[in-house]
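Written out below as structure tokens is the structure these notes cover.
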Amino acid sequence: MLIAGGIGITPLLAMASELKMRGADFHLHYCARNQNKTIQSNELMELINYGKATIYHDNGDPSNGIDLKKTIRNYEEGRHLYFCGPTGFMAAIKNEIKDWPLDHIHYEHFSAVSQEQNLGKNLNTEFLISLNRSKLKFKVEANESIIDSLRKNNFFIESSCEEGYCGTCLTRYLGGEPDHRDTVLNEKDKKDFILICCSRSNSPELVLDL
Ligand code: FES
């Protein structure tokens with residue numbers, strides 16, 4: 001089973017094509033935000049036509065995307081899982097595969113920085129964001145990003161890579177202790193700013209200048 005999130009499709013599509021060539025039993029699940037963020041690929045179309053790939057568009061709300069519980073919670077004898085994608089996506093999958101044998105799990109992060117070093121350890125936890133200007137508070141679930149939570153609550157937030165390397169989602173924070181997971185900010189920037197597409201919070205509450 002292959003599961004790709006966003007740009008994580010790149011390595012997994014190559015693997016899927018190889019598996020198809022070998023006549024192997026496999027399925028590729030590809031999660032993308034929407035049609036515009038979905039790669040255009042004849043290879044992928046071919047796999048879909050063969051019933052070997054499925055695309056999921058969540059339009060920014062993970063609850064509209066792939067049903068991970070249903071798809072991967074139960075380990076089936078002999079099955080191997082390969083997954084690749086951004087941090088929140090990886091955490092959501094790891095959360096569902098605690099009963100899988102470790103040697104049947106294979107993954108690669110497609111964002112440069114993560115605190116998740118081991119399966120079952122240091123998984124994302126939920127926290128609160130407090131919006132200083134709007135005087136609102138929202139919960140950020142373990143399997144969603146700050147941006148996901150804001151969008152769910154009808155905030156428009158501009159973003160691009162959603163993996164912590166373009167800087168588009170730069171946001172000032174005023175309190176709490178961020179868990180910086182981007183590859184853009186230097187140490188000085190990190191004292192005032194956070195990239196809310198990928199970074200999280202080490203403190204129970206993070207105050208954003210929104
Ligand atoms: S959208 Fe690119 S760093 Fe957040």
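Cβ neighbours within 10 Å, averaged per peptide: list 91-100, 48-57 in order, most packed at the top.
91-100, 48-57
Can you tell me the order of 144-151, 22-29 when each peptide is scored by its average per-residue count of other Cβ atoms within 10 angstrom, highest first?
144-151, 22-29
Might you report the magnitude of the Cβ-based charge dipole of the chain about its Cα centre, with Lys and Arg at +1 and Asp and Glu at -1, to the nearest 20 debye?
380 debye
Between ARG22 and ASN74, what FRET efficiency follows from the Cβ-Cβ distance if R0 is 35 Å, with the result rounded to 0.05?
Rounded to the nearest 0.05, the efficiency is 0.85.
If the convex hull of the alpha-carbon atoms of segment 2-109 is projected onto planes in all directions, what is the mean projected area in square nanometres?
Taking a quarter of the hull surface, the average projection is 6.5 nm².
For segment 1-80, with only Lys/Arg (+1) and Asp/Glu (-1) charged at the beta-carbon, what is the dipole magnitude about the Cα centre, in debye rounded to 20?
80 debye
Filter LYS98/LYS137; LYS37/LYS135; LYS70/LYS94 down to the pairs with a C-alpha to C-alpha distance above 22 Å, please.
The pairs that break the limit, which is 22 Å between Cα atoms, are LYS98/LYS137; LYS37/LYS135.
Going out from 0 in 10 Å bins, what whole percent of all Cα-Cα distances in segment 1-55 drops into each bin?
Calculated over all Cα pairs of segment 1-55, the distribution is 26, 62, 12, 0 percent.
Which value in Å is the Kirkwood Rh of the chain over different Cα pairs?
Its Kirkwood hydrodynamic radius stands at 17.9 Å.
With springs only between Cα atoms under 10 Å, which of PRO86, PRO178, PRO101 fluctuates most in a Gaussian network model of the chain?
PRO101
Based on Cβ point charges of +1 for Lys and Arg and -1 for Asp and Glu, what charge dipole magnitude is obtained for segment 127-208 about its Cα centre, in debye rounded to the nearest 20?
Using only the charged Cβ atoms, the result is roughly 380 debye.
Go through 13-19, 192-198 and give me the packing order, highest mean Cβ count within 10 Å leading.
Per-residue Cβ counts within 10 Å, averaged per peptide and sorted highest first, yield 192-198, 13-19.
Within 12 Å, Cβ to Cβ, of HIS180, how many net charges do the neighbouring residues add up to if Lys/Arg are +1 and Asp/Glu are -1?
Here the charged neighbours net out to -2.
Under the 0.36 nm per residue contour assumption, what length would be gained going from the current alpha-carbon distance of LEU131 and GLU187 to full extension?
17.8 nm
Taking 0.36 nm per residue of sequence separation and subtracting the Cα-Cα distance, how much length would be gained by fully extending the chain between SER63 and ALA14, in nm to one decimal?
So the extension gain works out to 14.9 nm.
Express in nm, to one decimal, how much length is gained between ARG172 and SER41 on full extension, taking 0.36 nm for each residue of separation and deducting their alpha carbon distance.
Here the answer is 43.4 nm.
Let me check against my output: what whole-number percent is the relative contact order of the chain, with C-alpha pairs under 8 Å and at least 6 apart?
About 17 percent, as a whole number.
Each reported figure results from applying straightforward, stated rules to the coordinates on display, with no laboratory input. What you are looking at is a predicted structure, and each value in this text was computed from that prediction instead of being measured. Note: ideal-geometry Cβ built from the backbone for every residue, glycine included; neighbour counts use all protein chains shown.
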